[in-house]
Amino acid sequence: MNIHEYQGKQILKSFGVNVQEGIVADTPEQAVEAAKQLKIDYNSDWVVIKAQIHAGGRGKGGGVKLAKNLEEVKQRATDIIGMQLVTPQTGPEGKLVSKILVAQDVYYPGASETKEFYISVLLDRAKGRNIIMYSTEGGMDIEEVAEHTPHLIFKEEIDPKVGLQGFQARKVAFNLGVSGAAHKEMVKFVTALYKAYEATDSSMFEINPVLKTSDDKVIAVDAKVNLDENALFRHPDYAAMRDVTEEDPMEVEASASNLNFVNLDGNVGCMVNGAGLAMATMDIIKLAGGEPANFLDVGGTANAQTVKAAFNIILKDPNVKAILINIFGGIVRCDRVAQGVIDAYKEIGNIPVPIICRLQGTNAEEAKKLIDESGLQVYSAIALKEAADLVTKVLAEQA
Ligand code: GDP
Ligand code: MN
């Protein structure tokens, strides 16, 4: 689960990671109040207004703006709140900004140079270990650094038996080229960041940029946090940080009905039990000349309720020209599923697209009979080839 920058910074701060201080606001008036409240103990009176959306590259898209007085705070806040922010990560339609973070300007002049770094902690699935990935080239797209100057990206593997060791944190600071007070600060930063990552059951903490200020503080200017959804039951306070307005509405509805659903952009909706069968079904749709409109795993029990919820979600997609139900009756009996499909169909009323229902397994014959005698616009199939041919046929009829 992704959370906003301001929420990520709250979590970081609670683990002793220094962050760029800020206050979240959803109106220009609140933004002005926030700017007044921010205790400016740095060498700058400026504040920065940052759009809060679940996507990076906000700076490039005009979602990060400096303001040097309260008038400007109000002006920038008015501009940014309500804007449809387009960044390299949002897609061309952009994302609606409804919250901003009013934060201290931390790029003030001072005794030494400011310097931006990149530091992230994430799970390296190939190694089965957490790693700290870091680079001297902060502030810019890490993908670009990886492409053009891969030698400037470092990785530190953490042994799960002993956790992050002191020498590893010092190595990170050393490789980043910070010395003196900043070196100490960096060691502290990395240590606290790793602790935050581990204790929150996160799958990623990406801080870009990490800033060494001109007075040798080390702080998180940005925070991209991905919490492991499977561990959220252990963290109700983090679970409450979920912002469903940032998520695909169809996926939000599906998750409320306990369906594993991913929205795709094809024309054949599918309803399947088991992720493996769902993947195979998507292949079949492609072979039949269609494109899957979604990935949907209804799970172990395919009763009228789950089938109805699944129908309702799939039918929200205007691109759907046909629905393929492909369910294996291993634990669940096919005739039960068939009855579920019929009941759900009747409850919803007129379903505007043809449905192909392939039920195989226990009581497959009985299921086929139920479907065939239902009088509904549902084609039955037992063999996979039959189902695929039916998909091809109904798509051709509509072309
Ligand atoms: P992103 O573009 O979505 O990754 O958002 P960031 O939080 O990383 O901000 C983008 C850029 O804005 C940073 O790389 C900084 O260069 C700049 N920025 C952020 N905070 C400040 C600040 O306090 N002062 C100044 N001058 N620039 C800032
Ligand atoms: Mn950033």
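So if I place +1 on the C-beta of Lys and Arg and -1 on the C-beta of Asp and Glu, and nothing else carries charge, what would the dipole magnitude of the chain be about its Cα centre? I want it in debye, nearest 20.
On the way: 41 positive and 54 negative charges, 131 e Å.
In debye, rounded to 20, the chain gives about 620.
Evaluate the distance, in nm, between pseudo-label points positioned 7 Å from the Cα of N230 and of K195 along their respective Cα→Cβ axes.
Reported label-point gap for N230 and K195 is 2.7 nm.
Pop the C-beta distance of F167 and K385 into the FRET formula with R0 = 51 Å and round what comes out to the nearest 0.05. Don't skip to the answer; put the middle values down first.
On the way: r = 61 Å, r/R0 = 1.20.
After rounding, the FRET efficiency stands at 0.25.
Return the loop-located trypsin sites (Lys or Arg not before Pro) in the range 4-74 (DSSP other than H, G, I, E, B) with at most 13 other Cβ atoms within 10 Å of their own Cβ; answer none if there are none. Don't skip to the answer; put the middle values down first.
On the way: sites: K9, K13, K36, K39, K50, R58, K60, K65, K68, K74; in loops: K39, K68.
The qualifying sites are K39, K68.
Using amide H atoms built in the peptide plane, which far-off residues or other-chain residues are under 5 Å from G266 H to H?
HN-HN under 5 Å from G266: A293, N294.
Stokes-Einstein at 20 °C, 1.002 mPa s, Kirkwood radius from Cα pairs: D for the chain in µm² s⁻¹? Present the calculation step by step, with values, prior to reporting the outcome.
Numbers: Rh = 24.1 Å.
The Stokes-Einstein estimate is 89 µm²/s.
Where in the chain lies the longest segment free of GluC sites (Glu not before Pro) that are both loop residues by DSSP (not H, G, I, E, B) and have at most 13 other Cβ atoms within 10 Å?
Values: sites that count: E93, E113, E373.
Of all site-free stretches, the longest is 114-372.
What is the distance in Å between the Cα centroid of the range 65-112 and that of the range 172-251?
That distance is 20 Å.
Go through the range 101-109 residue by residue and turn each phi into a ³J(HN,Hα) via Karplus (6.51, -1.76, 1.60, θ = phi - 60°); whole Hz please, and just put x for glycine and proline.
Karplus values, whole Hz, x for Gly and Pro: 10, 9, 10, 5, 6, 10, 9, 9, x.
Taking only DSSP H segments of four or more residues, each worth -39500 (n - 2.57), what value at 222 nm results for the chain once the sum is divided by all its residues, to the nearest 500 deg cm²/dmol? Numbers along the way, then the final one.
Numbers: 14 runs with 146 residues, N = 399.
Estimated from H runs of four or more residues: -11000 deg cm²/dmol.
Taking amide hydrogens as modeled 1.01 Å from N in the peptide plane, which residues meet the under 5 Å criterion relative to I3, leaving out close sequence neighbours?
Answer set, sorted by chain and number: V225, L227.
Less than 19 Å apart at the alpha-carbon level, and either on another chain or at least 8 residues along: which aspartates and glutamates does that give for K346?
D335, D372, E373
With the Cα gyration tensor of the range 248-398 giving a ≥ b ≥ c as the square roots of its eigenvalues, does the rule (a/c under 1.5 for rounded; else a/b larger than b/c for prolate; else oblate) give rounded, prolate or oblate? Don't jump to the answer; show the numbers that get you there.
Details: a/c = 1.29, a/b = 1.10, b/c = 1.17.
The shape class here is rounded.
With a 1.4 Å probe and all protein chains left in place, how much accessible area per residue does the range 256-309 have, in Å²? List each step's numbers first, then the result.
Numbers: 2330 Å² over 54 residues.
Per residue, the range 256-309 has an accessible area of 43 Å².
Given a 1.4 Å probe, how much area per residue of the range 21-105 is accessible, in Å²? Show your work: numbers first, answer last.
Numbers: 4230 Å² over 85 residues.
I get 50 Å² per residue for this part.
Let me make sure I get this right: for the range 1-158, a, b and c are the square roots of the gyration tensor eigenvalues over alpha carbons, sorted descending. Under 1.5 in a/c it's rounded, otherwise prolate if a/b > b/c, else oblate. Which is it? Walk me through the numbers on the way to the answer.
Numbers: a/c = 1.86, a/b = 1.49, b/c = 1.25.
Judged from the Cα gyration tensor, the range 1-158 comes out prolate (a/c at least 1.5, a/b above b/c).
Please get the size of the charge dipole for the range 56-188, origin at its Cα centre, with Cβ charges of +1 on Lys and Arg and -1 on Asp and Glu, quoted in debye to the nearest 20. Present the calculation step by step, with values, prior to reporting the outcome.
Working: 18 positive and 17 negative charges, 93 e Å.
I would put it at about 440 debye.
Where the only charges are on Cβ atoms (+1 Lys, Arg; -1 Asp, Glu), what is the dipole of the range 248-398 about its Cα centre, to the nearest 20 debye?
Numbers: 12 positive and 18 negative charges, 43 e Å.
Rounded to the nearest 20 debye, it is 200 debye.
For a Förster distance of 25 Å, can you work out the FRET efficiency between the beta-carbons of Q75 and K13, rounded to the nearest 0.05? Present the calculation step by step, with values, prior to reporting the outcome.
Details: r = 29 Å, r/R0 = 1.14.
Once the sixth-power term is evaluated, E becomes 0.30.
Which Cα, out of S255, Q7, N326, lies furthest along the positive dipole direction of the chain (beta carbon charges, K/R +1, D/E -1)?
Going by the charge dipole, the pick is Q7.
Tell me the carbon and sulfur percent of the accessible area for the chain, rounded to whole percent, probe radius 1.4 Å.
On the way: 9950 of 18960 Å².
With neighbouring chains kept in place, the figure for the chain is 52 percent.
The values are calculated or read from the model by the stated rules, or taken from the named source; none is laboratory data. Here the structure is a predicted model, which means the values were calculated and not measured. We place every Cβ from the backbone using ideal geometry, glycine too, and count neighbours over all the protein chains shown. Note: areas computed on protein heavy atoms with side chains; ligands, DNA, RNA excluded. Shrake-Rupley method; radii C 1.70, N 1.55, O 1.52, S 1.80 Å.
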